[in-house]
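The next block holds one structure in the form of structure tokens; read it before the comments.
The values are calculated or read from the model by the stated rules, or taken from the named source; none is laboratory data. Computed from a prediction, not measured in an experiment: that's the story for all the values here. Cβ placement follows ideal geometry from the backbone for every residue including glycine, while neighbour counts extend to all protein chains displayed. The protein model used for the area step is the full one, side chains on, heavy atoms only, and it has no ligands, DNA or RNA in it. Shrake-Rupley method; radii C 1.70, N 1.55, O 1.52, S 1.80 Å.
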Amino acid sequence: MTDWREELARFVAEAPGNVIGPERALAPEWAGLRLYEEPLVGTADAGDPLFAALQAPEAVGPWFRVPGDWLPGARTVLSFFLPFSRRVRESNIPGRDPSGGWLHGRVEGQAFLMEACRYLKARLEAEGYEAVIPCDCPEFWSVGRAGSNPRAWDPSASFTSVWSERHVAYVCGLGTFGLSRGLITEKGQCGRFGSLVTTAPLPATPRPCTGLYDYCTRCGACAARCPAGAISLAEGKAHPPCAAYLAETGRRFPPRYGCGKCQVGVPCMSRIPLGREK
Ligand code: SF4
Ligand code: SF4
């Protein structure tokens, strides 16, 4: 049976898209930058009741599409985490502005994540299974700006989507949420998530935690680092100031954008904080 973690790890190690070549580097110092380290992979039964539970208003919302909505006959959801490389992470610790490495990770890193999704889809199909990438389907939508939801049936549905990678990763046993709303994995929260729905019957990854926030110590370091004041111990993360700050970076660093100051220089940057390991 194919080991999908090994399969993805090989792809991440060898694919040229995981390295910023001189032709797309923001500055000569970023040429040769490796975006991601070795990935984590988690799987869940497509019929896991936690997927339906994500339709609750306090989770994602009733618009969340369960695995069978994306692929009739779905057996498994495969979620993966690509941790940013040490250089991407550490370059973004100083200062208020995103580093060049972080801007590459946010934009070229997302493009590479889609390459990884398509690679896994092709490999699953080569083994005779069906597979879909929800965020690459025409039915996918997300709303990242207050009041910008084109679906007039529920104008309150801002900062949400029909398929939430972090929530799906939680169901697939990859980690638990932090105060800053990222998902803290055994390799920290500094990186990006992708997922596929497939007819392949893969064994589910045990979920090591029962609590949504088990790995977060509520140390408040992410709140102290946020240049937009978007995070507080009392309220967690407020999306509008974060989105406004990200939009500002988009105007200052076109065609890229990004911030991620809450994910770096904090105890959950690249590991589960001490004392919270299971
Ligand atoms: S920095 Fe501290 S409070 Fe913020 S998510 Fe990480 S562990 Fe939780
Ligand atoms: S991405 Fe930046 S603005 Fe948004 S919550 Fe994190 S630190 Fe704050």
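Worth a mention:
- Label-point gap, in nm, between ALA56 and GLU130 - each point 7 angstrom along Cα→Cβ: 3.0 nm
- Mean separation of Cα contacts under 8 Å, 6 or more apart, over the residue count of the chain: relative contact order %: 22 percent
- Sequence ranges 260-269, 129-138, ranked by mean other-Cβ count within 10 angstrom, highest first: 260-269, 129-138
- Cysteines having no other Cys beta carbon under 4.7 Å from their own, within the chain: CYS117, CYS135, CYS137, CYS172, CYS190, CYS209, CYS216, CYS219, CYS226, CYS242, CYS259, CYS268
- Counted residue by residue at 0.36 nm each, then reduced by the alpha carbon distance between them, the extension gain from SER142 to GLU38 reaches 34.7 nm.
- Total lysine pairs whose alpha carbons fall under 22 Å of each other in the chain (8 or more apart, or interchain): 4
- Springs between Cα atoms under 10 Å define the GNM used for the chain, and in it the highest mean-square fluctuation of ARG251, ARG89, ARG181 occurs at ARG251.
- Cα gyration tensor category, rounded, prolate or oblate, for region 224-278 with a/c compared to 1.5: oblate
- Helix-only mean residue ellipticity at 222 nm for the chain, each DSSP H run of n ≥ 4 adding -39500 (n - 2.57), per residue, nearest 500: -8500 deg cm²/dmol
- Cα gyration tensor category, rounded, prolate or oblate, for the chain with a/c compared to 1.5: rounded
- Sorted on the mean count of surrounding Cβ atoms within 10 Å across their residues, most packed first, peptides 4-15, 104-115 read 104-115, 4-15.
- If the segment from LEU233 to ARG96 were pulled out straight at 0.36 nm per residue, it would be longer than the present Cα-Cα gap by 47.2 nm.
- The overall shape of region 57-108, judged from the alpha-carbon gyration tensor, is prolate: a/c is not under 1.5, and a/b is greater than b/c.
- Å² per residue, accessible surface of the chain at 1.4 Å: 45 Å²
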